[in-house]
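> Following this message is one structure expressed as structure tokens.
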Amino acid sequence: MSLHAGGACGYGNTVSQAPFSSLVTGIGPSLYKSGKECGACYKIKCTKHPLCSGKPVRVVITDFCPGGPCVSESAHFDLSGTAFGSMAVPGEEDKLRDAGVLQIRYARVSCDYSGKTIVFHVDPGSNPDYFAVVIEFEEGDGDLANVDLQQASSQPDEWWEMNQSWGAVWQLNAGTELHPPFSIRLTSQYSGETLVAKNVIPTGWQPGATYRSLVNYL
């Protein structure tokens, strides 16, 4: 497995923790879409190998798979060891992990984080004029089309559009001091549904800190 900790989406060591719990995958360019699909969920199963259970497993896209079969195949999943083994019949996880490339069937599904609220990890490089954040655990579609930020001093309908810098990292380079607390508005990639995490980034926020919202999709 070439999947590395955290991966190209920017989730860091949270991929090994609940609710990701290492059930994660890198994905080839056809589905990664320059990071737009970070956080999307798929059900996968292998059926043609004798050690495959045939039962579907839900995985989350957390990384990019750049070369070889990842490019040449119409869709290629570079699964974590945990995800690979979870497709096996009970007790044969290690043997299946050693089986190499498997043919799998896959389908896009909604994400299920069992009622977890959305989490915002502030990028360590953030400062009063520049704010960047990793967004995790969006229920439902899992991936985001747009993210907007509202300052405390803004009018009710005044939002600053954030740019997707890479993966699940969204940034706003305001060029002027931003005034917390910040509300963050999220628009789902597929359903188009919008929700607002009101004042989720507090006054006195710190680079590198993590803040939880009280909202999620569904």
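The values are calculated or read from the model by the stated rules, or taken from the named source; none is laboratory data. What you see is a predicted model, and the numbers here were worked out from it, not measured in a lab. Cβ placement follows ideal geometry from the backbone for every residue including glycine, while neighbour counts extend to all protein chains displayed. Each accessible area value is taken on the protein alone, full model and side chains, heavy atoms only, with ligands, DNA and RNA left out. Shrake-Rupley method; radii C 1.70, N 1.55, O 1.52, S 1.80 Å.
> For Arg108 and Ala145 in one chain, what is 0.36 nm times their gap in residues minus the Cα-Cα distance, to one decimal in nm? Before the final figure, lay out each step's value.
Values: separation 37, 0.36 × 37 = 13.32 nm, distance 1.65 nm.
Gain on extension, Arg108 to Ala145, equals 11.7 nm.
> Among Glu139, Glu37, Glu73, whose mean-square fluctuation peaks in a Gaussian network model of the chain (Cα, cutoff 10 Å)?
Glu73
> What's the FRET efficiency of Ser191 with Val89 using the Cβ-Cβ distance as r and R₀ = 22 Å, to the nearest 0.05?
Numbers: r = 36 Å, r/R0 = 1.62.
With R0 = 22 Å, the Cβ-Cβ based efficiency is 0.05.
> Here is a further query. What's the carbon and sulfur percent of the chain's accessible surface, probe 1.4 angstrom, rounded to a whole number? Don't jump to the answer; show the numbers that get you there.
Details: 5040 of 10140 Å².
Heavy-atom surface of the chain belonging to carbon and sulfur, 1.4 Å probe: 50 percent.
> Please work out how much length the chain gains when fully extended from Asn13 to Ser154, using 0.36 nm per residue of separation minus the C-alpha to C-alpha distance, in nm with one decimal.
Values: separation 141, 0.36 × 141 = 50.76 nm, distance 3.45 nm.
47.3 nm is the gain from fully extending Asn13 to Ser154.
> Another question about this same structure. Using packing as a proxy for protection, rank 146-153, 48-55 so that the peptide with the highest average count of other Cβ atoms within 10 Å comes first.
On the way: 146-153: 17.1, 48-55: 14.5.
For the peptides 146-153, 48-55, the packing ranking is 146-153, 48-55.
> Residue-wise, which Karplus ³J(HN,Hα) couplings in Hz belong to region 121-138, taking 6.51 cos²θ - 1.76 cosθ + 1.60, θ = phi - 60°, and x for glycine or proline?
Here the 3J(HN,Hα) series is 9, 6, 4, x, x, 5, 8, x, 9, 9, 10, 9, 8, 9, 10, 10, 6, 6 Hz.
> Then there is this: So, for the chain, what is the accessible surface per residue at a probe of 1.4 Å, expressed in square angstrom? Write down the numbers at each step before the final one.
Details: 10140 Å² over 218 residues.
Per-residue accessible area for the chain comes out at 47 Å².
> Provide the percentage of antiparallel DSSP beta bridges, counting only those with both residues in the chain; round to the nearest 5. Before the final figure, lay out the partial values.
Numbers: 44 of 48 bridges.
Around 90 percent antiparallel, to the nearest 5.
> Could you please state, rounded to a whole Å, how far the C-alpha centre of region 86-135 is from the C-alpha centre of region 140-201?
When both Cα centres are located, 22 Å separates them.
> Taking 0.36 nm per residue of sequence separation and subtracting the Cα-Cα distance, how much length would be gained by fully extending the chain between Lys198 and Glu161, in nm to one decimal? Numbers along the way, then the final one.
Details: separation 37, 0.36 × 37 = 13.32 nm, distance 1.58 nm.
Roughly 11.7 nm would be gained on extension.
> Measure off 7 Å from each Cα along the Cα-to-Cβ vector at Asp98 and Ser30, then give the distance between these two points in nanometres to one decimal.
So the two model labels end up 3.1 nm from each other.
> Sorting check: for 58-64, 111-117, 86-92, which peptide has the highest mean count of neighbouring beta carbons within 10 Å, and how do the rest follow?
Working: 58-64: 25.3, 111-117: 15.0, 86-92: 16.6.
Packing proxy ranking, top to bottom: 58-64, 86-92, 111-117.
> What residue among Arg185, Arg105, Arg97 has the largest mean-square fluctuation in a Gaussian network model of the chain, using Cα springs under 10 Å?
Looking only at Arg185, Arg105, Arg97, the biggest GNM fluctuation is shown by Arg105.
> On a straight-distance basis, which aspartates and glutamates could pair with Lys33 in a cross-link, Cα separation under 19 angstrom, same-chain partners fewer than 8 positions away excluded?
Partners found: Asp63, Glu73, Asp78, Glu136, Glu138, Asp141, Asp143.
> Where does the charge balance sit around Ile118 when Lys and Arg score +1, Asp and Glu -1, over other residues with C-beta under 11 Å from its C-beta? All intermediate terms of the calculation are to be shown ahead of the outcome.
On the way: positive: Lys116, Arg212; negative: Glu136, Glu138, Glu139.
Taking every Cβ under 11 Å from that of Ile118, the sum is -1.
> Give a residue-ordered list of calculated ³J(HN,Hα) values for region 71-85 (Karplus: 6.51 cos²θ - 1.76 cosθ + 1.60, θ = phi - 60°; whole Hz; x for Gly, Pro).
Working through the residues one at a time gives 8, 6, 8, 5, 8, 9, 9, 9, 7, 5, x, 4, 5, 4, x Hz.
> If you take the C-alpha gyration tensor of region 4-145, multiply each eigenvalue by 5 and take the square root, what semi-axes do you get, largest first, in whole Å?
Numbers: eigenvalues 156, 53, 36 Å².
Semi-axes, largest first: 28, 16, 13 Å.
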